[in-house]
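*Asks:* Here it is, the structure, as structure tokens.
Please treat every number below as a calculation from the coordinates, not as lab data. Predicted model only: the values in this text are computed from it and were never measured. A quick note on method: Cβ atoms are made from the backbone with ideal geometry, for glycine too, and the neighbour counts reach across all protein chains shown.
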Amino acid sequence: MITVQHRFLDHQINPKVETLIIGTFNPETADNDAEFFYGRTRNYLWRLLPTAFGKADLKGASKQEKLDFIKQHKIDLTDLIEEIKVEEGQEANYYDGYIDNKVTRWKDIIALIDTLPNLKRVCFTRKTFSDIPNMKRQLLNIQKYCENKGIAFKALTTPARFYREDKQTEWTRFLLDGHR
């Protein structure tokens with residue numbers, strides 16, 4: 001078995017963040033070309049976010065441009081999983097259903113939330129939970145905690161695979177709630 005850590009473990013969350021976007025896992029492997037969260041070719045988060053704010057598409061933009069954008073809009077990014085242990089040859093397997101029972105270290109999202117006094121909304125970048133029972137359990141605890149703290153929580157359609165107008169509308173509504 002091989003231990004794989006999260007590629008962006010050293011990312012520091014902006015303490016002024018109002019919107020926290022939670023994903024699953026981004027492996028630190030040679031096969032992963034993402035320079036920042038949601039940076040793989042088939043992910044459209046960097047089109048969804050700027051479009052919601054009437055800004056230019058950042059898909060393919062530099063890491064610094066993305067960091068500047070999220071800082072300006074008080075958004076930040078984290079993942080549920082910090083480390084997994086997988087079979088040799090599976091280090092770059094991104095499938096949530098596969099990694100769900102390979103987790104050796106979860107990120108303490110609730111402790112993170114407690115350090116963010118301006119947090120207004122939290123989302124998870126996936127709507128379905130049928131093949132991820134362990135992640136689902138983590139998320140239900142986070143959702144309940146958010147509800148108790150008066151923080152909006154929503155599971156959104158994944159930004160991966162394709163870009164569509166209905167996906168954009170869903171993300172825009174979530175991001176701009178209270179900003180119009």
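*Asks:* May I ask you to list the residues in region 12-29 that are more than 20 Å from D96 (Cβ to Cβ) and in contact (Cβ under 8 Å) with a residue 40 or more places away in the chain? Spell out how you get there, then give the answer.
*Replies:* Initial filter on region 12-29 (more than 20 Å from D96 (Cβ to Cβ)): 12-19.
Passing the criteria: I13, N14, P15, K16, V17, E18, T19.
*Asks:* Could I ask something else about it? Given the conditions (1) within 25 Å of E28 (Cβ to Cβ); (2) charged (D, E, K, R); (3) surrounded by 16 or more Cβ atoms within 10 Å (Cβ to Cβ); (4) in contact with a strand residue (DSSP E or B) (Cβ under 6 Å, 6 or more places away or on another chain), which single one is not true for K85?
*Replies:* Tallying (1) within 25 Å of E28 (Cβ to Cβ); (2) charged (D, E, K, R); (3) surrounded by 16 or more Cβ atoms within 10 Å (Cβ to Cβ); (4) in contact with a strand residue (DSSP E or B) (Cβ under 6 Å, 6 or more places away or on another chain), K85 fails exactly one: (3).
*Asks:* Can you name every residue in region 148-167 that is of a type outside the set (A, V, I, L, M, F, W, C) and in contact with a helix residue (DSSP H, G or I) (Cβ under 6 Å, 6 or more places away or on another chain)?
*Replies:* Within region 148-167, K154, T157, P159, Y163 qualify.
*Asks:* Yes or no: region 142-158 includes at least one residue that is closer than 24 Å to P27 by Cβ and assigned to a helix (DSSP H, G or I). So that I can check it myself, show each step before the final result.
*Replies:* Within region 142-158, the subset closer than 24 Å to P27 by Cβ is 142, 155-158.
Within this subset, residues satisfying the condition of being assigned to a helix (DSSP H, G or I) are 142.
The answer is yes; a qualifying residue exists.
*Asks:* Return yes or no: is N43 more than 25 Å from M1 (Cα to Cα), in contact (Cβ under 8 Å) with a residue 24 or more places away in the chain and within 17 Å of the chain's Cα centre (by Cα)?
*Replies:* Numbers: more than 25 Å from M1 (Cα to Cα): yes; in contact (Cβ under 8 Å) with a residue 24 or more places away in the chain: yes; within 17 Å of the chain's Cα centre (by Cα): yes.
So N43 fits the description; yes.
Residues checked against (1) surrounded by fewer than 19 Cβ atoms within 10 Å (Cβ to Cβ); (2) among the acidic types (D, E); (3) within 17 Å of the chain's Cα centre (by Cα):
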site	(1), (2), (3)
Q90	yes, no, no
N101	yes, no, no
L112	yes, no, yes
L119	no, no, yes
P133	yes, no, no
K144	yes, no, no
E147	yes, yes, no
R164	yes, no, no
L176	yes, no, no
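*Asks:* Still on this structure, please answer the following. Could you tell me which numbered condition C123 fails, if it satisfies all but one of (1) farther than 24 Å from Q12 by Cβ; (2) crowded, with 18+ Cβ neighbours inside 10 Å; (3) not charged (D, E, K, R)?
*Replies:* (1)
*Asks:* Can you tell which of A56, A30, A61 is more than 16 Å from the chain's Cα centre (by Cα) and crowded, with 16+ Cβ neighbours inside 10 Å?
*Replies:* Working: A56 fails: crowded, with 16+ Cβ neighbours inside 10 Å; A30 fails: crowded, with 16+ Cβ neighbours inside 10 Å.
Selected residue: A61, the only one of A56, A30, A61 that is more than 16 Å from the chain's Cα centre (by Cα) and crowded, with 16+ Cβ neighbours inside 10 Å.
*Asks:* Then there is this: Within region 23-44, which residues are over 16 Å from K66 (Cα atoms) and touching a helix residue (DSSP H, G or I) at 6+ places or on another chain (Cβ under 7 Å)?
*Replies:* The answer is T24, F25.
*Asks:* Six or more apart or on different chains, Cβ under 9 Å: which pairs go from a residue in region 107-128 that's under 18 Å from L175 (Cα atoms) to one that's among the polar types (S, T, N, Q) and in a strand (DSSP E or B)? Could you list them?
*Replies:* L119/T19; K120/T19; R121/T19; V122/T19; C123/T19
*Asks:* Looking at T157, T125, T172, which is the one that is over 17 Å from G23 (Cα atoms) and among the polar types (S, T, N, Q)? Step through it out loud before you land on a result.
*Replies:* Details: T157 fails: over 17 Å from G23 (Cα atoms); T125 fails: over 17 Å from G23 (Cα atoms).
From the options T157, T125, T172, the qualifying one is T172.
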